[in-house]
Every structure is written in structure tokens, then in C-alpha cells.
Amino acid sequence: MTRTQAWILTDGAAGNERQALALATRLGLEAQTLCLHVRPPWSWFAPHLIPGGRLAWPAAARAQLQAPWPDIAIGCGRSAALATHIIGHLAKRHCYTIQILDPRINPRHWDCVITPQHDRLYGPNVLSLLGSLHPIDTAWLTAARAAWIELSTLPSPRIAVLLGGPRRGIPLDKLWQQALCTGLRTRLQRDGGSLLISASRRTPAGLVEAIAEAGVGFPLYIWRGSQDGSNPYPGFLAWSNLLVVSPDSVNMLSEAAATGVPVHTLITTPLPNKLAQFHQALAQRGLLRPLQAESIAPLQPLRETERIATLVAEKLRSRHTAQKTGA
């Protein structure tokens, strides 16, 4: 059997690459990752095709974006959408193009477009999911527990706090930070346990220290960045009894909801419309609760990647059958 050749196209954003890799892995593809940074003026118009489109990338990148084309190209994000759009244009029917996240132009330019439900994008080649694609399933969690067995020695309940950062419409201001610290302190005093804190590059300065102060007297495990060693994020997801996630990150909320443990967040100001719809959808399925609410484990963890991969595989089989029959 001929091995399926696949490319993952990324702009280097970890969250985008993670989604594309998760889909490729679930499809059983051994994919080559190409990191492509789009230059102006093409970046201003991406993913629209404008004259000299391949000049959007430096010479080394252009050398990679040429025949022989892969069987499948998977991109995630607006910059990658330009590459998958160009590949679809140049490779014709020799490459099946998959674009993750709303490309902001007509989805007909790709063979398959995968978007979160709150983007409300529709079309015969569009697949919608709740949240984002990710690798987390039972096997992933089992491996993470083995890799981070040291976290099992921390007393339960282990409360992991996963921090993103401010974004448009979500300031995560001092009021929010104070409410978060107060809520966490209240839980620790009531239930005991330990506090695990994971920051990101977007996390406001001083927030980790404020949370750590709220946890004084209880065991703490803090990760601010690479200076603290290997990222324990997989271990936090695998070993925590409760997850508290800042409201800004669709990716982190989706991954937390896949663990099967209670997930909480804190909202002090109205969320932007699309993000509010996502939060509401999680809450309606029992996957997300306010920080101060009682902790209840969901009846079913959120595992959308497997469902989407099954649908993509069906599309690929249909395409292969049509090509063989000349349809």
C-alpha cells in the first residue's frame, strides 16, 4: 500500500500547530511540518490570493512549497490558510486541502474546512465542532500520568489553575485577579488539597505570585515558563481533581473539558459574543461551571477530535472512490 504523504502548515503558533498535529495523528498520518511566516503585503490580505502569492515566503520556504505535492495538506490559522489555498490552486486535485479555523473567505477554496461551532460557518465541505481539536483522550491521559508520576504525591484535591492572558474584550484586570485569588483561597480552606499553577507568555505580570500567595499554607507546584523546567501542563491535566481555566482560551478550555474532571472558570465582565457562545455551549453540556459553583464531574468528557477525524476519513475515502471510478 502506498503511504499517504501529508504536510502540516503552520505559522509557528503553538495552539494552531497543536490542532493540526492532533488531526493528523488521529488520521494516522506521518506528516511533515512546515513552519511558514507570511510577509507583507501578502500577510495583510491572507488568505486571499494576490499577484506573486508564492513570494509571501522567503526563498527557503518557497522551495518547500512546490511539487511533488503531498496527498493531504493541513493548515490551521489565517497564515496557514494562504498556504493551503495556494497549494489547492497549484496542485489541483492531486492534494486534499484541510483548513482548520475560519479562513474568513468562502470555504469552497478548500476541500474541507473545520471550524468551531461559535464561528457559525456553513457549507457542504465545512465540519463544525465544539471548541478546538486536541490530542487528549484516555491513552494520552494515561501516558501523561506515567510521565508526571511525581504529581501524584501532592495531596488531593489537586486544583490546577491554567492561565492564559488578556485579549480583546477580556481584560483579566485587577478585579478579576482578586476574585480569582479569593475563590481559590476559599476552596483550599474548605477542602484542603494542593495548588498547581501554569502560566503562559500572555499571563499578566504578578498574577502567578498573587495566586501563590492565596495558596500559602498549602502545597504548591508552579510553572511560569521554561526557566522552571519541563512544562507540566500534560501532568496537570492528567493528575488534577479540578481544573480552573482563565476564560480567554478556547484551546485550554477544550482540553480541560476532555479530561473528565470538573472544570471551572471566572467571568467578571461580559465576554465577546462568540466566546460567550462557546462558554454557554460548554455549560449546557455540564462541562463548565463558575469558579464559586459546586464541583460536579461531567457525564461525558469532550472528545471532538475523534469525531471530526472520523468524518474527515469518510470524506477522504469518498474522494478516493470517486477518483478510482472517474466520477
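What follows is calculated from the coordinates using simple rules that are stated; it is not laboratory data. Since this is a predicted model, take the numbers as computed values, not measurements. A quick note on method: Cβ atoms are made from the backbone with ideal geometry, for glycine too, and the neighbour counts reach across all protein chains shown.
Mean separation of Cα pairs under 8 Å and 6+ residues apart, divided by the residue count of the chain: what relative contact order is that in percent? Numbers along the way, then the final one.
On the way: 576 pairs, mean separation 50.2, N = 327.
This gives 15 percent for the chain.
With 10 angstrom as the radius, rank 248, 111 by how many other C-beta atoms surround their C-beta, starting from the fewest.
Values: 248 24, 111 21.
So the ranking, lowest neighbour count to highest, is 111, 248.
Please list, in chain and number order, the residues 5+ apart from residue 134 or on another chain whose amide H is under 5 Å from its amide H, with Hs placed from the backbone.
It is 305, by chain and number.
What translational D, rounded to a whole number of µm²/s, comes out for region 177-289 from Stokes-Einstein when the hydrodynamic radius is the Kirkwood one over Cα pairs, at 4 °C and 1.567 mPa s?
87
Suppose every Lys and Arg Cβ carries +1 and every Asp and Glu Cβ carries -1, with no other charges. What dipole size does the chain come out with about its Cα centre, to the nearest 20 debye? Each step should come with its number before you reach the end.
On the way: 32 positive and 20 negative charges, 174 e Å.
My answer is approximately 840 debye.
Using +1 at the C-beta of Lys and Arg and -1 at the C-beta of Asp and Glu, which of 127, 260, 247 has the Cα lying farthest in the positive direction of the dipole of the chain?
127
Could you line up 95, 76 from fewest to most neighbouring Cβ atoms inside 10 Å? Display every interim value, and only then the final one.
Working: 95 21, 76 29.
Fewest to most other Cβ atoms nearby, the residues stand as 95, 76.
In Å, what Rg and Dmax follow from the Cα atoms of region 1-56?
Values for region 1-56 (Cα only, Rg and Dmax): 13.8, 43 Å.
Pull up all non-local amide H partners of residue 242: gap of 5 or more, or a different chain, and H-to-H distance under 5 Å with H placed in the peptide plane.
Residues meeting the criterion, in which the H sits 1.01 Å from N, are 158, 160.
Where the centroid of each part is defined by its Cα atoms, how far is region 166-230 from region 67-103 in Å?
Value for the Cα centre distance between the two parts: 39 Å.
Given charges of +1 on the Cβ of Lys and Arg and -1 on the Cβ of Asp and Glu, with all other atoms neutral, how large is the dipole of region 1-85 about its Cα centre, in debye to the nearest 20? List each step's numbers first, then the result.
Numbers: 7 positive and 4 negative charges, 23 e Å.
Dipole of region 1-85, to the nearest 20 debye: 120 debye.
Students often forget the sequence filter, so: which aspartates and glutamates lie under 15 Å Cα-Cα from residue 274 once same-chain residues fewer than 8 apart are removed?
102, 119, 248
Which log10 I(q)/I(0) values does the chain give at q = 0.09, 0.13 Å⁻¹ under the Debye formula, counting every alpha carbon as one identical point scatterer?
Reported log10 I(q)/I(0), two decimals: -0.52, -0.99.
Return the long-range amide H neighbours of residue 73 (sequence gap of 5 or more, or a different chain), with a cut-off of under 5 Å between placed amide H atoms.
Excluding prolines and chain starts, which carry no amide H, the hits are 7, 96, 97, 98.
Please give the peptides 68-75, 30-37 ranked by average Cβ packing (other Cβ atoms within 10 Å per residue), highest first, as a rough proxy for protection. Don't skip to the end; give the middle numbers.
Values: 68-75: 22.2, 30-37: 15.4.
The peptides rank, most packed first, as 68-75, 30-37.
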